Amino acid sequence: LMGMFEKRRFRKFLVFVANFDENEPQTLEGVDPRGTPMRDVYERFDLGQDVIDFTGHALALYRTDDYLDQPCLETINRIKLYSESLARYGKSPYLYPLYGLGELPQGFARLSAIYGGTYMLNKPVDEIVMENGRVVGVRSEGEVARCKQLICDPSYVPERVRGAGRVVRVICILSHPIHGTSEAGSCQIILPQNQLGRKSDIYVCLVSWAHNVAAPGKFIAIVSTTVETSEPEREVEPALQLLEPIDQKFVAISDLYEPMDDGTESQVSAP
């Protein structure tokens, strides 16, 4: 991606990011954390478009280029988080639990129990109980679980959310690692929007039997992106080509929702 001189400029940029502290004026080098857009920071270090794509989408993990015209502080903090995570964990900044993502709520449940949390499993939600516009509990089979705040899937509060697009996901079963990844048993590939002529990135996440999520010798790749056309599966074709040959694939298209308010008044959050 980078020639010799570009590497030097990128190194200076990374040193600047590593030293950046909004509470230490001498580290800002004239950059206003809450006023200078990220586009100006890139221009300051004369970074090329390929490097900007890589930095914003693979390090800061933005899905679109909207961040370029927003204050630089959040982007710089995202890059620092990526760098610090990479330094802590070695080959990758990412952690993935054995036996799949279901282990995350399992771990939360165990930790919650230590601090007195209560889990009610296999219970239908009959009603979200509100008083004076504020949530006070959830009714299920004649019982009410009292609460001061509610976090739930948007499907439970359709009147509080609005449609925000759709996502296409393709789960692929492979008998081989992804070519060009040094036979990695797990990896994340990000195809930046600019490289594809799109408005949003395409993500590829690969895990394998080593994570106890597939049969011995098998790999699972999940391809996903925001739907932009009437042919969602064709939109992810560039990513699917990276995975060939594919043993079997499963395509799903899901609606995206966003809350109509920040939940301050109702204390209901539907992220």
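Throughout, read-outs are computed from the coordinates displayed, never taken from laboratory work. Keep in mind that what you see is a predicted model, and the values were worked out from it rather than measured. Because the Cβ atoms are built from the backbone with ideal geometry, glycine has one as well, and the counts that use them run over all protein chains shown.
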Check: Taking neighbour counts of Cβ atoms within 10 Å as a proxy for exposure, in what order, fewest first, do ILE151, ILE52 appear?
Finding: ILE151, ILE52
Next item on the list: Starting from the exponent 0.38 and prefactor 2.2 Å, build the expected Rg for the range 140-196 from its residue count and divide its actual Cα Rg by it.
Entry: 2.02
Note to self: Counting other beta carbons within 10 Å of each residue's own, what order do VAL207, VAL136 fall into, fewest first?
What the structure shows: VAL136, VAL207
Margin query: If I model a spin label at ASP126 and TYR94 as a point 7 Å from the Cα along the Cα→Cβ vector, what separation in nanometres do I get?
Written below: 4.3
Check: Setting aside same-chain residues fewer than 8 positions from LYS12, which aspartates and glutamates have a Cα under 14 Å from its Cα?
Finding: GLU29, GLU43, ASP46
Item checked: Order of MET38, MET2 under a 10 Å beta carbon neighbour criterion, fewest first -> MET2, MET38
Margin query: Can you compute the FRET efficiency between ASP40 and ARG139 using 1/(1 + (r/R0)^6), with r the Cβ-Cβ distance and R0 = 45 Å? Round to the nearest 0.05.
Written below: 0.30
Next item on the list: Treating cross-link reach as a plain straight distance, find the lysines whose alpha-carbon is under 29 Å from the alpha-carbon of LYS123, omitting any fewer than eight places away in the same chain.
Entry: LYS148
Check: Taking only the alpha carbons of the chain, what extent do you get along each of the three principal axes, in Å, biggest first?
Finding: 69, 52, 43
Check: Measuring from centroid to centroid over Cα atoms, what is the spacing of the range 160-205 and the range 69-90 in Å?
Finding: 21
Next item on the list: Give the shape of the range 4-89 as rounded, prolate or oblate, defined through the alpha-carbon gyration tensor: a ≥ b ≥ c are the square roots of its eigenvalues, a/c under 1.5 means rounded, and otherwise the shape is prolate if a/b is larger than b/c and oblate if not.
Entry: rounded
Check: Can you flag which of LYS80/LYS249; LYS199/LYS249; LYS80/LYS199 are past 31 Å Cα-Cα?
Finding: LYS80/LYS249
Checklist line | Within the chain, helix-based [θ] at 222 nm, where runs of 4 or more DSSP H residues each add -39,500 (n - 2.57), nearest 500 | finding: -7500 deg cm²/dmol
Notebook entry, point to check: When the Kirkwood hydrodynamic radius is evaluated over all pairs of different C-alpha atoms of the range 182-257, what value in angstrom, to one decimal, is obtained?
Noted result: 13.6
Notebook entry, point to check: What is the range 30-70 by shape, rounded, prolate or oblate, if you read a ≥ b ≥ c off the alpha carbon gyration tensor as root eigenvalues and call it rounded for a/c under 1.5, prolate for a/b larger than b/c, and oblate otherwise?
Noted result: oblate
Item checked: Extension gain from GLN241 to ARG11, taking 0.36 nm per residue of separation minus the Cα-Cα distance -> 79.5 nm
